[in-house]
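Everything on this sheet refers to the single structure shown next.
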Amino acid sequence: MKRFYVTTPIYYVNAEPHIGHAYTTIVSDVLNRFHKLLGYRTFFLTGTDEHGDKIVQAAQEAGMDPKSYADHISALFRETWPKLDIANDCFIRTTDPGHMRVVQHILQKVHDSGDIYFSTYKGLYCVGCERFYTERELVDGKCPDHDREPVEREEANYFFRMSKYQDWLIGHIESNPHFIRPERYRNEVLSFLKEPLEDLCISRPRERLDWGIPLPFDDRYVTYVWFDALINYVSAIGYPDGPLFREFWPCVQHIIAKDILKPHGIYWPTMIRAAGFEPYQSLNVHGYWKINEGKMSKSKGAVVRPLDLVPRYGLDAFRYFLMREMVFGLDANFSEEALVQRINSDLANDLGNLFSRTLAMTARYFGGRIPPFGSEAEAMDRELEAHARQALQTAMEEIPRLGFHKALISIWECINAANKYIDHAAPWNLAKDPACEERLRTVIRCALEANRTVALLIAPFMPSTARKMLERLGGAKPMDAYRLDEDAVWGSLPDGTPVSKGEALFPRIEQAVKEKEKGEISAKPPEVEGVTIESFQKIDLRVGVVKEAEKIPKSNKLLRLVVDMGEERQVVAGIGRHYAPEELVGKQVVLVANLQPAKLMGVESHGMVLAAHDGKALRIVSPEEPVSPGARVS
């Protein structure tokens, strides 16, 4: 069986979880779920890093001892991930006794080999990073991550002979193109390695810092936080001789943000080499999330907390936005406006509309059961199938190489192709002619097959939405039982399986986003001036029955309706984002019958359909019981 092991960095507990943590963890979750769909045996690790100067400082500021403080913040991370539908297999803490034993084991092993020595060092130390900097690493004399000048510090400490492994590391990176991805970060590490590599200070005197793992060969010192934290990737799976280590370490994929590239791209592989086992398979590095073009930073207070957003916009919508908006490896800008736009355009208009109209037509024309294919496939049927196959192929190629946005673009091309397919096939017209029954079966079945493929492909990104879609398409097995190579095959839906329409997957978000500092959504309705009874009586409101409905080309929301109100009337209604045309045929509506004619998108409209909007969904106004077409509303 093929195996896949993915890790997030273990998050430092000097601050609460924010969107940067969420993105890294969701990326790891997407990769893990994707490989499960391929039939891999997987292992997904995350956790918290809890030792060092910054934890002591943060604990003091909170009026707590370091252990109690670490327990509190670590619990916040542990509790956050299930709320974001993160399905990790293990949550490790660097205060776990098992982890501490492995750190001491590796320290002793490297020390015994002669790669750890004692010396005095004087240099520029950043408290925020908890490491020494060289002059060339600073930007205008300041730490590039914390924008502060480092302090000069001289201490007697233990050092790891990292310089000994410089040539080996250069050779390994150059001969393994996928060792550090994307390429820009591989080049960044190689550029750094062009200069002589200094040895790494790996201890702190306990007289200054007692919160750490004692060195096994000198308990007057504790381990430098990075030498401690990086080892979590092997301690969690039973290094040195546990079965999980033997099974999963050869295929490990690390996911990190670019601010910790140096420790993961230089410290960690040289530590591994010194400890005598094989280095990781790939280090995958993403960019920063920015707000107003500035780096999102917990140290500067510029953060977005994911659990503040999920109740407003929905969990899967939030996950989709992060994976679609950021090109892995590059920086991306976060704004609620962009999130709302993605929800309304991609999720409500495209995916939600496709799923809703497909199930509505299945219910209307085939009693809510999946019809068998009817007539021989036409060119448009084969074209839709080709879009589904292309989406599957692109996902299979792009997700493993971190092209998440490309995979999602291809999936949405399939969604848009399916919506256009329905518009062009016009099943509501086929349903009027008994001679077209076979063609109608083929059209509805093709639409259902496209929805099934889409549901499976979005499962790593939006697991809850995928579960709903598959269940409503008649799927009875748990998500872990689905396989892309079996269940995404065109034509694999069982004939006659009952489907269920259900509620909209993604209601549109109509409220305006207030100023960011208020951090809330406005749902206050506009004030309306009072009208006289005489003015109101001038409006001729009539009940009509929708006889025909179709989308107006090149419009996302306009529908052309033919309404029988004693006489047939053509009306253009802006309700296409909330109703599929076939849902409206046969419905009674209330019409403003004496509205002056107008042209919208080149189509003449003789009236207005009344609808109510509560900020989440739009619903047409209808009589409680059927009344005669043309009846006046008074």
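Miscellaneous remarks
- For the range 10-44, the set of residues classified as in contact with a Lys or Arg (Cβ under 7 Å, 6 or more places away or on another chain) and small (G, A, S) consists of A15, G39, listed by residue number.
- Subset of the range 212-223 [among the hydrophobic types (A, V, I, L, M, F, W, C) and within 14 Å of P97 (Cα to Cα)]: I213
- The set of residues from the range 346-382 being charged (D, E, K, R), closer than 18 Å to W490 by Cβ and surrounded by 15 or more Cβ atoms within 10 Å (Cβ to Cβ) comprises just one member, D381.
- Residues in the range 391-422 that are under 21 Å from R181 (Cα atoms) and either outside any helix (DSSP H, G or I) or not aliphatic (A, V, I, L, M) (or both): T394, E397, E398, I399, P400, R401, L402, G403, F404, H405, K406.
- Residue list for the range 465-489, restricted to those being in a loop (DSSP other than H, G, I, E, B) and either among the aliphatic types (A, V, I, L, M) or out of contact with any strand residue (DSSP E or B) (no Cβ under 7 Å at 6 or more places or on another chain) (or both): L473, G475, A476, K477, P478, Y482, R483, A488, V489
- Residues of the range 329-345 satisfying the condition of being out of contact with any helix residue (DSSP H, G or I) (no Cβ under 6 Å at 6 or more places or on another chain) and either surrounded by 21 or more Cβ atoms within 10 Å (Cβ to Cβ) or not in a helix (DSSP H, G or I) (or both): G329, L330, D331, N333, F334, S335, V340
- Within the range 158-180, the set of residues being buried (at least 19 other Cβ atoms within 10 Å of the Cβ) and within 32 Å of the chain's Cα centre (by Cα) comprises I173, F179, I180.
- Enumeration of residues in the range 244-295 that are touching an Asp or Glu at 6+ places or on another chain (Cβ under 8 Å) and over 30 Å from N333 (Cα atoms): W249, P250, I272, A274
- Residue-level check: of (1) over 22 Å from R204 (Cβ atoms); (2) at pLDDT below 95, C126 misses just (1).
- Any hit, the range 590-597, residues being among the β-branched types (V, I, T) and under 17 Å from R560 (Cα atoms): yes
- Elements of type helices (runs of 4 or more DSSP H) contained in the range 15-89, each with 1 or more residues being within 25 Å of P311 (Cα to Cα) and under 16 Å from the mean Cα position of the chain (by Cα): 19-37, 66-83
- Residues of the range 137-160 that are touching a strand residue (DSSP E or B) at 6+ places or on another chain (Cβ under 7 Å) and in contact (Cβ under 8 Å) with a residue 24 or more places away in the chain: H146, P150, V151, E152, R153, E154, E155, A156, N157, Y158, F159, F160.
- The residues of the range 364-411 that are free of Cβ contacts under 8 Å to residues at least 60 places away in the same chain, in contact with a helix residue (DSSP H, G or I) (Cβ under 7 Å, 6 or more places away or on another chain) and within 16 Å of P460 (Cβ to Cβ), listed by number, are T394, E398, K406, A407, S410, I411.
- Flag if E149 is in a loop (DSSP other than H, G, I, E, B) and more than 20 Å from H264 (Cβ to Cβ): yes
- Complete set of residues in the range 423-452 that are among the hydrophobic types (A, V, I, L, M, F, W, C) and either surrounded by 21 or more Cβ atoms within 10 Å (Cβ to Cβ) or in a helix (DSSP H, G or I) (or both): A425, W428, L430, A435, C436, L440, V443, I444, C446, A447, L448, A450
- Selection within the range 332-366 - at pLDDT 95 or above and farther than 24 Å from K557 by Cβ: Y365, F366
- Filtering the range 302-312 for residues that are in contact with a Leu (Cβ under 8 Å, 6 or more places away or on another chain), at pLDDT 95 or above and not in a strand (DSSP E or B) leaves an empty set.
- Elements of the type strands (runs of 3 or more DSSP E) sitting completely within the range 561-634 and holding at least 3 residues that are surrounded by fewer than 16 Cβ atoms within 10 Å (Cβ to Cβ) and outside the structural domain of S345 (by TED's automatic domain parsing): these cover 598-600.
The values are calculated or read from the model by the stated rules, or taken from the named source; none is laboratory data. Keep in mind it's a predicted model, so treat the numbers as computed, not measured. Positions of Cβ are generated from backbone atoms using ideal geometry, with glycine treated the same way; all protein chains shown enter the neighbour counts.
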